[in-house]
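Chemist: Here it is, the structure, as structure tokens.
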Amino acid sequence: MNTMLRKSVLGIAGLAFTGGVFAGPIAAHADARPVEGKPVAVAVQGAQSKIDLNDEQLANAKAIIAATKKAGLPERAAVISIATSLQESKLENLGHLGDANDHDSLGLFQQRPSSGWGTPEQITNPEYSTLAFLKGLKQVDGWQDMPLTEAAQTVQVSAYPDAYAQWEQQAADIVAHNWNS
């Protein structure tokens, strides 16, 4: 392919990509239906994942919401916390997983005793682990207005920094449905 044709094709592809990046998120949710409860403003990034929650997972989500309220933080903090926990543990309060474990990570947020998050007993306590996560979140300047995945990653320092974004819609739905319960 000659240089002029290649530049033209690449230029058109670049414009199409840019248009998709800016218009895609808006168009993707143009006919989204509100969920029960007070809606939480969500500008999700990328494709979304969703899992069915069992009673234990739902109880853990409610514990995260209760801890967020106890900390005096808004619904957005609960959305970030729940999305983080969905990514880290699927809202399961994980104990030591043996060889399948990521270092010494435990609990809903896969926090590590060796990194100063607390003792194993503390980290596997949903209220304690949520308050520890929220303490870290409050130290992130502008967390309220940044993309969820950026806020979560700044606290968690994950090897997969963009993975949190996929849980934003489900987390927002959970918070909207349970915030006033």
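The values are calculated or read from the model by the stated rules, or taken from the named source; none is laboratory data. Quick caveat, the model's predicted, so the values are computed rather than measured. Cβ placement follows ideal geometry from the backbone for every residue including glycine, while neighbour counts extend to all protein chains displayed. Heavy atoms of the whole protein, side chains included, go into the accessibility calculation; ligands, DNA and RNA do not. Shrake-Rupley method; radii C 1.70, N 1.55, O 1.52, S 1.80 Å.
Chemist: For Trp117, which of the numbered conditions (1) among the hydrophobic types (A, V, I, L, M, F, W, C); (2) over 23 Å from Asp52 (Cα atoms); (3) open to solvent by less than 30 Å² (accessible area, probe 1.4 Å) fails to hold?
Modeler: Unmet condition: (3).
Residues are listed down the side, and each one gets a yes or a no for (1) open to solvent by 50 Å² or more (accessible area, probe 1.4 Å); (2) among the hydroxyl-bearing types (Ser, Thr, Tyr); (3) closer than 28 Å to Gln156 by Cα; (4) at pLDDT 95 or above:
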| residue | (1), (2), (3), (4) |
| --- | --- |
| Ser8 | yes, yes, no, no |
| Ala13 | yes, no, no, no |
| Ala43 | yes, no, yes, no |
| Leu53 | yes, no, yes, yes |
| Ile64 | no, no, yes, yes |
| Pro74 | yes, no, yes, yes |
| Leu86 | no, no, yes, yes |
| Gly98 | no, no, yes, no |
| Asn101 | no, no, yes, no |
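Chemist: Please give the number of the condition Asp162 fails out of (1) farther than 13 Å from Ala83 by Cβ; (2) open to solvent by 80 Å² or more (accessible area, probe 1.4 Å).
Modeler: Only one criterion in (1) farther than 13 Å from Ala83 by Cβ; (2) open to solvent by 80 Å² or more (accessible area, probe 1.4 Å) is unmet by Asp162, namely (1).
Chemist: Let me ask something else. Quick one: which of Leu134, Leu148 is buried (at least 17 other Cβ atoms within 10 Å of the Cβ), touching a Leu at 6+ places or on another chain (Cβ under 7 Å) and either over 16 Å from Leu73 (Cβ atoms) or not acidic (Asp, Glu) (or both)?
Modeler: Details: Leu148 fails: touching a Leu at 6+ places or on another chain (Cβ under 7 Å).
Result of the check over Leu134, Leu148: Leu134.
Chemist: Among the numbered conditions (1) more than 17 Å from the chain's Cα centre (by Cα); (2) surrounded by fewer than 19 Cβ atoms within 10 Å (Cβ to Cβ), tell me where Ser105 comes up short.
Modeler: (2)
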